[in-house]
Structures are given as structure tokens and as C-alpha cells.
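Report on the following structure.
The values are calculated or read from the model by the stated rules, or taken from the named source; none is laboratory data. Because the structure is a prediction, the values reported are computed rather than measured. Here Cβ is always computed from backbone atoms with ideal geometry, including for glycine, and neighbour counts include all displayed protein chains.
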Amino acid sequence: MPTSQSHVAVLKMLRTHPELRALGKHRARIVLLRPKPSHRGEPEGTQLVAGIYDYDDNRSLIALVDTRAKRAVHVERSPASFQLSDDERKEAETLAAKDARVRQFVRRRKMNPLTRLYFPPAAQVSGRFAIVFVRPSLNERCYAVIDLSARRVDAVLTREEFTRR
């Protein structure tokens with residue numbers, strides 16, 4: 001699924017904020033975009049909450065965007081790792097499907113992927129990762145670890161390698 005027009009427009013608004021001007025030169029993606037919940041007695045407004053992942057600086061950001069004023073009102077670094085966006089999920093599955101090890105495992109069957117955010121066990125690893133559960137049958141599994149920051153498949157693991165049993 002390509003990035004929606006609203007994401008493109010919001011990203012443009014975000015890049016006007018002093019703290020986010022560098023995003024124009026960075027690879028960044030909106031991974032969460034929701035209307036700002038209204039507070040008690042407050043009318044529903046024109047503000048959005050945007051979760052952004054900056055792949056170049058390996059950081060999550062949260063921003064409050066005023067769509068009427070067409071600008072970011074507030075931006076701060078988020079300690080949270082947002083769930084994968086639909087675009088990231090699709091990118092991870094596409095990278096996995098192109099990998100020779102996954103193609104050999106799947107053969108001519110469908111991958112039947114299940115993709116989730118992944119935190120590699122190595123403490124020195126930085127970036128944003130996904131894991132694609134490749135499930136061509138009820139009993140067969142392999143796991144493709146995808147480095148979304150580098151846009152590559154880091155590892156393809158068997159069930160035994162993944163569970164260490």
C-alpha cells in the first residue's frame with residue numbers, strides 16, 4: 001500500500017518545524033497518524049498526532065500537527081517504538097519474498113506471512129527491525145529478520161534457531 005496523500009501532506013507540515021527540518025534530508029516515515037483525542041468539553045479539533053520513525057538517526061518522534069494552520073505545533077522524541085506501519089509491513093514482506101533462502105524454503109507455495117516489529121537480541125544492534133513469519137503450511141515455519149533501516153534481510157532462521165530449542 002503506497003503512502004497516502006494525507007501522510008505526504010503531514011510530512012510536509014512536519015518538515016516546517018525547526019526540530020524536524022532535517023527530515024527533508026532524512027529517510028523518515030509516518031508510522032502512526034490519528035486525530036488528537038479531545039479533552040473533556042473540548043470540541044473535536046483539527047489536530048493530529050503523528051508518530052514518525054527517522055531511519056537515518058534511529059529515533060522515534062511524536063508530533064502534534066495542526067492541519068488548519070498547516071504546521072507542527074509540538075515535537076518530541078519518543079522512548080516508545082511504534083508498531084509497524086502498513087507500508088513497513090509490506091516492505092518487510094517484499095524484502096523477505098525476494099531473499100533466496102526464503103524462496104528456497106517456500107518453493108512454489110504462498111509465503112502466508114505474518115509480520116511484526118522485532119527487537120534483535122544483540123544490544124549493539126541499532127535500527128528498526130521487522131520479523132516475517134513465513135508460513136507456507138500448517139507445520140512449516142521460517143523467520144526472516146528484516147533490517148528496515150538498511151532495507152535488507154539480516155537473517156533467515158529455522159524454528160530451532162529462532163526458539164533455540
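Table for the structure above
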{"quantity": "Residue count for segment 72-129, restricted to those that are of a type in the set (A, V, I, L, M), farther than 23 Å from Ala28 by Cα and in contact with a helix residue (DSSP H, G or I) (Cβ under 7 Å, 6 or more places away or on another chain)", "calculated": "2"}
{"quantity": "Qualifying positions in segment 124-165 - closer than 18 Å to Asp86 by Cα and either basic (Lys, Arg) or more than 24 Å from the chain's Cα centre (by Cα) (or both)", "calculated": "Arg128, Arg151, Arg152"}
{"quantity": "Condition met for Arg101 (touching a strand residue (DSSP E or B) at 6+ places or on another chain (Cβ under 9 Å), without any contact (Cβ under 8 Å) to a residue 60 or more places away in the chain and among the basic types (Lys, Arg))", "calculated": "yes"}
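Conditions tested, residue by residue: (1) surrounded by fewer than 17 Cβ atoms within 10 Å (Cβ to Cβ); (2) small (Gly, Ala, Ser); (3) modelled with pLDDT of 90 or more.
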| residue | (1), (2), (3) |
| --- | --- |
| Pro37 | yes, no, no |
| Glu42 | yes, no, no |
| Thr46 | yes, no, no |
| Ala50 | no, yes, yes |
| Asp56 | yes, no, no |
| Ser60 | no, yes, yes |
| Ala69 | yes, yes, no |
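The rows are residues; the columns are (1) in contact with a Lys or Arg (Cβ under 9 Å, 6 or more places away or on another chain); (2) of a type in the set (A, V, I, L, M, F, W, C); (3) outside the structural domain of Ile146 (by TED's automatic domain parsing).
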| position | (1), (2), (3) |
| --- | --- |
| Arg21 | yes, no, yes |
| Lys36 | no, no, yes |
| Thr46 | yes, no, yes |
| Tyr53 | yes, no, yes |
| Asp57 | no, no, yes |
| Ala69 | no, yes, yes |
| Val73 | no, yes, yes |
